[in-house]
Amino acid sequence: MLISVRATAAYDLPEETFLLLMVEPPLVGPAHRVEQERLLTTPTPFHEFGTDAYGNCQRRLVAPKGFFSFEFLATIETAPNAALREDAVEHPLRELPAESLVYTLPSRYCQSDLLARMARGEFGQLPSGGGRVRALADWVRQSLLGQPLAEPGDCSGRSVGPSAGPSWVTVGISSSVPSGRPVGSDPRRRRGRAGCRRRRTRGRRGLR
């Protein structure tokens, strides 16, 4: 199946500003392939492409004082997620592998330690298992997607998610439910190339 992706933002910068822009996925991943992509920014005096410690695509930019914006568009081919079985076993946190526990820790944008009351109120009464995980994921999609961005530190239930991203909110909520099993995406990913105006099709990289 094909997924269309768009990310855009605009800023009024009070002075020349160094920026790290991280919006681009890897060309090819375990379950996806980027068919087309385009990145546009307002003019910048400096930019270079690199990766962070986890291999994520990272653009280092210097934007001049005043208006700065970017827009990223992509068409990605991927396999649909496998349906979660209703009788899937929900494991307690103590049984999770050590390398996955980092995704349950609170952060500036997803304060899982402050989500406990809301999580228990919404999902604590549901039977453990795949049904509860599905209900949690459905709540995130229905309640948070398309809502205005939350400010960092705002953990007031329905406003907590968009600044963090649905996967991380799902992790934060599920780790606050008794016997919850965190589910989420791995940030150690991505690849790309530099350019203030860039268009790429499958198998090619180029600057425009």
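Considering only the range 82-103, I want to know if a residue exists there that is under 20 Å from A7 (Cα atoms) and modelled with pLDDT of 90 or more. Let's see the steps before the verdict.
Kept after step one, since they are under 20 Å from A7 (Cα atoms), are these residues of the range 82-103: none.
No - not one qualifying residue is present in the range 82-103.
Out of all the residues in the range 128-145, is one or more closer than 24 Å to L2 by Cα, at pLDDT 85 or above, of a type in the set (D, E) and out of contact with any Ser or Thr (no Cβ under 8 Å at 6 or more places or on another chain)?
Checked the range 128-145: at least one residue is closer than 24 Å to L2 by Cα, at pLDDT 85 or above, of a type in the set (D, E) and out of contact with any Ser or Thr (no Cβ under 8 Å at 6 or more places or on another chain).
Within the range 43-52, can one find any residue that is at pLDDT below 85 and out of contact with any Asp or Glu (no Cβ under 8 Å at 6 or more places or on another chain)?
Of the residues in the range 43-52, the ones at pLDDT below 85 are none.
No, the range 43-52 contains no residue that is at pLDDT below 85 and out of contact with any Asp or Glu (no Cβ under 8 Å at 6 or more places or on another chain).
Among the residues of the range 9-44, which ones are in contact with a Leu (Cβ under 9 Å, 6 or more places away or on another chain) and in a loop (DSSP other than H, G, I, E, B)?
V23, E24, T44, listed by residue number.
Please pick out the residue among L126, L105, L115, L136 that is without any contact (Cβ under 8 Å) to a residue 12 or more places away in the chain and touching a helix residue (DSSP H, G or I) at 6+ places or on another chain (Cβ under 6 Å).
Numbers: L105 fails: touching a helix residue (DSSP H, G or I) at 6+ places or on another chain (Cβ under 6 Å); L115 fails: without any contact (Cβ under 8 Å) to a residue 12 or more places away in the chain; L136 fails: without any contact (Cβ under 8 Å) to a residue 12 or more places away in the chain.
None of the others qualify; the one that does is L126.
One residue is enough: does the range 91-112 have a residue meeting the conditions within 18 Å of D138 (Cβ to Cβ) and touching a Ser or Thr at 6+ places or on another chain (Cβ under 7 Å)? Working first, answer last.
Just the residues of the range 91-112 that are within 18 Å of D138 (Cβ to Cβ), to begin with: none.
Within the range 91-112, not a single residue is within 18 Å of D138 (Cβ to Cβ) and touching a Ser or Thr at 6+ places or on another chain (Cβ under 7 Å).
Could you check the range 107-146 and list, in sequence order, the residues that are within 19 Å of R85 (Cα to Cα) and hydroxyl-bearing (S, T, Y)?
S128
Here is a yes/no grid of residues against (1) surrounded by 13 or more Cβ atoms within 10 Å (Cβ to Cβ); (2) assigned to a loop (DSSP other than H, G, I, E, B):
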| site | (1), (2) |
| --- | --- |
| F67 | no, no |
| F70 | yes, no |
| I76 | yes, no |
| E86 | no, yes |
| V89 | no, yes |
| R94 | no, no |
| Y103 | yes, no |
| G121 | no, no |
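The values are calculated or read from the model by the stated rules, or taken from the named source; none is laboratory data. Predicted model only: the values in this text are computed from it and were never measured. A quick note on method: Cβ atoms are made from the backbone with ideal geometry, for glycine too, and the neighbour counts reach across all protein chains shown.
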